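Down below is the structure, laid out as structure tokens.
Values quoted throughout were computed directly from the atomic coordinates according to the rules given, and no laboratory measurement underlies them. If you're wondering where the values come from, they're calculated on a predicted model, not measured in any experiment. Every residue, glycine among them, receives a Cβ derived from its backbone with ideal geometry; neighbour counts consider all protein chains shown.
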Amino acid sequence: MKYKTRKYPLLSACGLNCGLCPNFHLHTEGKFQCPGCAGAGFSEQHPSCGILSCCQRKSIEFCYECDEFPCKKYDGWGDADSFITHKNIISDMEKAQRMGIDAYMAEQNERVSILSALLNGYNDERRKSFFCLAVNLLELADIKAVIARIENEIELEANVKERAVVAVRLFEELAEQRGISLKKRKKT
């Protein structure tokens, strides 16, 4: 199916934060890099998406705009993760509805910027999914507090592996305080 380009491809119609997905942040040529939900080239990479098709048939951008939200398509969907966490899809949709999409996207764009900085300065080629989860699941104020602590604790001459160890430790400490797991959930 050919999808119409969406105004906000970094937040999927279903509530996934595409801008915080490891596949959105690939920097290696020849690898699959996702353009976000109905972004340029989406139809070629994702020929079938029932939720996006439903939204486009109803002429809505997000599921939360539908009277049936959350519908049966969401049953059990948040119980496991794919490339990106599905943990907060319902609560993120409700937050976008409550805040307004422009305010929500401003916050998401800030998260994407922070994630890009983490991937560029602290990823030892083994931490991409971890940083994506941390920036997706933690509150923005908490993320900023961890970033400030990282900058205070890392020596200027530290290599990327040393920077990654400190960043991961600080994110894990905060996540544990908040009762949040920074591990992908697999289907059982």
Note the angle between two axes, namely the Cα long axis of helix 160-178 and the longest principal axis of the Cα atoms of the chain, as a number of degrees from 0 to 90, rounded to the nearest 10. 60 degrees
Express in nm, to one decimal, how much length is gained between SER48 and CYS66 on full extension, taking 0.36 nm for each residue of separation and deducting their alpha carbon distance. 4.5 nm
Under 12 Å from the 7 Å Cα→Cβ point of LYS73, by amide nitrogen: which residues of segment 1-15? 12-15
Roughly what angle does helix 140-153 make with the longest principal axis of the chain, taking Cα atoms, 0 to 90 degrees, to the nearest 10? 20 degrees
What order, most packed first, do the peptides 142-149, 164-171 have when packing is the mean number of other Cβ atoms within 10 Å of each residue? 164-171, 142-149
Just to be sure I understand the model, the point goes 7 Å from the Cα along the line to the Cβ. What's the resulting VAL165 to LYS144 distance in nm? 3.1 nm
Assuming a ≥ b ≥ c are the square roots of the Cα gyration tensor eigenvalues, decide whether segment 18-178 counts as rounded (a/c under 1.5), prolate (otherwise, with a/b larger than b/c) or oblate. prolate
Count the net charge of all other residues whose Cβ sits under 9 Å from the Cβ of VAL160, scoring Lys and Arg as +1 and Asp and Glu as -1. -1
Normalising by the residue count of the chain, find the relative contact order in percent from Cα pairs under 8 Å and 6+ residues apart. 22 percent
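Need the full-extension length gain, SER59 to LYS7, defined as separation in residues times 0.36 nm minus the C-alpha distance. One decimal, nm.
Numbers: separation 52, 0.36 × 52 = 18.72 nm, distance 1.25 nm.
Value of the extension gain: 17.5 nm.
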Could you give the angle, 0 to 90 degrees to the nearest 10, between helix 89-99's Cα long axis and the longest principal axis of the Cα atoms of the chain? 80 degrees
At what distance in angstrom do the alpha carbon centres of segment 130-188 and segment 48-62 lie from each other? 34 Å
